[in-house]
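Read the figures in this text as sums done on the coordinates, not as results from a lab. Everything quoted here is computed from the prediction, not taken from an experiment. Every residue, glycine among them, receives a Cβ derived from its backbone with ideal geometry; neighbour counts consider all protein chains shown.
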Amino acid sequence: MAFDAMSQVSDEALLVLYANGDQNAARSLTLRLVPRIMAHAHRMLNDRAEAEDVTQEALIRLWKIAPEWRQGEAKVTTWLYRVTANLCTDRLRKVRHSDIEDAPEIADGAASAEQILIAQARAQALNGALARLPERQRQAVLLRHIEGLQNPEIAEVMDISVEAVESLTARGKRSLAQLLGKRRAELGFYDG
Amino acid sequence: MDKNRTAKSDLSDAELERLFQASDAEASLPSGDFMARILADAQALQPQPSLAPAPVPPRALTQSPFAALREALGGWRGLSGLAGAVATGLVIGVFPPEALATYADGLLNGEALFSEYVPGLGEVSFDG
């Protein structure tokens, strides 16, 4: 199958094609899934090298399970987010003993504020604030408001109820609003 | 006023949403090297198409000629059946039954009728 014809094929069908030896399917899945998983892992861990390790491990697990994948039982993205979440949790537990105050500070843009775009400053500030949230709140907020997943899918990824997802995202957003509110002028929000 | 906003300085939902959008736009993109590494994993772990010839079992490369003959004849069950047939043929050849000798003579002289040896066959109509 031609590579450009893959855009209409679902992730699940691509995975079956991959298991049948289709090399275009491997390439298409890689291009489609890796940026999303990498970005999510990076936001969860706030460390690019760790995020790459987690992404690679998650994808290896996907390639290995491909021959046993049964269509209709789960979405590939849901499965992958779940594996990624578990891998991130494992890594975060290893550093949990460190003081919460050791979490990366919100980027201090005082020296470089004029050199970077406002969007970059906002993204950095948000990442810094996200790193200060409890892990489950951070994960729920990321999946809902940045990855764009619906609450039932997030519930499946996190293995909790939809109500619990709503509670986590609400608390997470409230914390972010407080943390980032202190830097509103710096972020270009003047009309508070 | 946003109902989730608890203090004047807190960001509103709309302001938070703008930050989420900015974060999405600034998502850390995987490098080309990293993508190549993932693709190499995918190719290394990819099952091969089923059109490939089935691998030859190692046993077939090392078995003795007798074992190969045995396998060709259907294993031990086929071999024992063949041995039984050979023994039976030998016994019949050495000690032929009288009836068989009579039938053989009849065949050779053109006088024997098969119906003589199959009771009731003569009463069966073959007219369709």
> Across the stretch A:1-63, how large is the tail of the calculated P(r) beyond 20 Å, expressed as a percent of all Cα pairs?
Replying inline: 32
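Subtracting the Cα-Cα distance from 0.36 nm times the residue separation, let me have the gained length for A:Q23 to A:A170 in nm, one decimal. Intermediate results must be reported in sequence, preceding the final value.
Values: separation 147, 0.36 × 147 = 52.92 nm, distance 4.27 nm.
Stretched fully, the A:Q23-A:A170 segment lengthens by 48.7 nm.
How shielded is B:26-37 by partner chains, expressed as the average number of their Cβ atoms within 10 Å of its Cβ atoms? Present the calculation step by step, with values, prior to reporting the outcome.
Working: counts 10, 10, 11, 5, 13, 3, 0, 1, 7, 6, 1, 6.
Per-residue shielding by partner chains comes out at 6.
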>> What percent of all Cα-Cα pairs in the stretch A:119-192 falls into each 10 Å bin, going from 0 up to the bin containing the maximum distance?
In response: 21, 47, 26, 7
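Which of A:I160, A:I37 has the fewest other C-beta atoms within 10 Å, and how do the rest follow up to the most? Before the final figure, lay out each step's value.
Working: A:I160 15, A:I37 24.
Arranged by neighbour count, lowest to highest, A:I160, A:I37 become A:I160, A:I37.
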> Between A:L31 and B:S28, what is the spin-label point distance in nm, taking each point 7 Å from the Cα along the Cα→C-beta axis?
Replying inline: 2.4
> Which whole-Hz ³J(HN,Hα) couplings does the stretch A:40-54 yield from phi under the Karplus relation 6.51 cos²θ - 1.76 cosθ + 1.60, θ = phi - 60°, glycine and proline marked x?
Replying inline: 5, 5, 5, 5, 6, 9, 6, 8, 5, 5, 5, 5, 5, 4, 5
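Sorted by mean Cβ packing within 10 Å, highest first, what order do the peptides A:66-75, B:30-39, A:120-129, A:178-187 take? Can you show the working numbers first?
Details: A:66-75: 12.3, B:30-39: 16.1, A:120-129: 22.4, A:178-187: 18.7.
Peptide ranking by packing, descending: A:120-129, A:178-187, B:30-39, A:66-75.
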> Among residues other than A:R122 whose Cβ falls under 13 Å from its Cβ, what is the net charge (Lys/Arg +1, Asp/Glu -1)?
Replying inline: -2
> Other chains near A:168-178: what is the mean number of their Cβ atoms within 10 Å of each residue's Cβ?
Replying inline: 3
>> Below 13 angstrom from the Cβ of A:Y18, what's the summed charge of the other residues (Lys, Arg +1; Asp, Glu -1)?
In response: -2
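How charged is the neighbourhood of A:I146? Take every other residue with its Cβ under 9 Å from the Cβ of A:I146, and add Lys/Arg as +1 and Asp/Glu as -1. Kindly include the intermediate steps, with their values, before the conclusion.
Working: positive: A:R43, A:R144; negative: A:E147, B:D24.
Its environment carries a net charge of 0.
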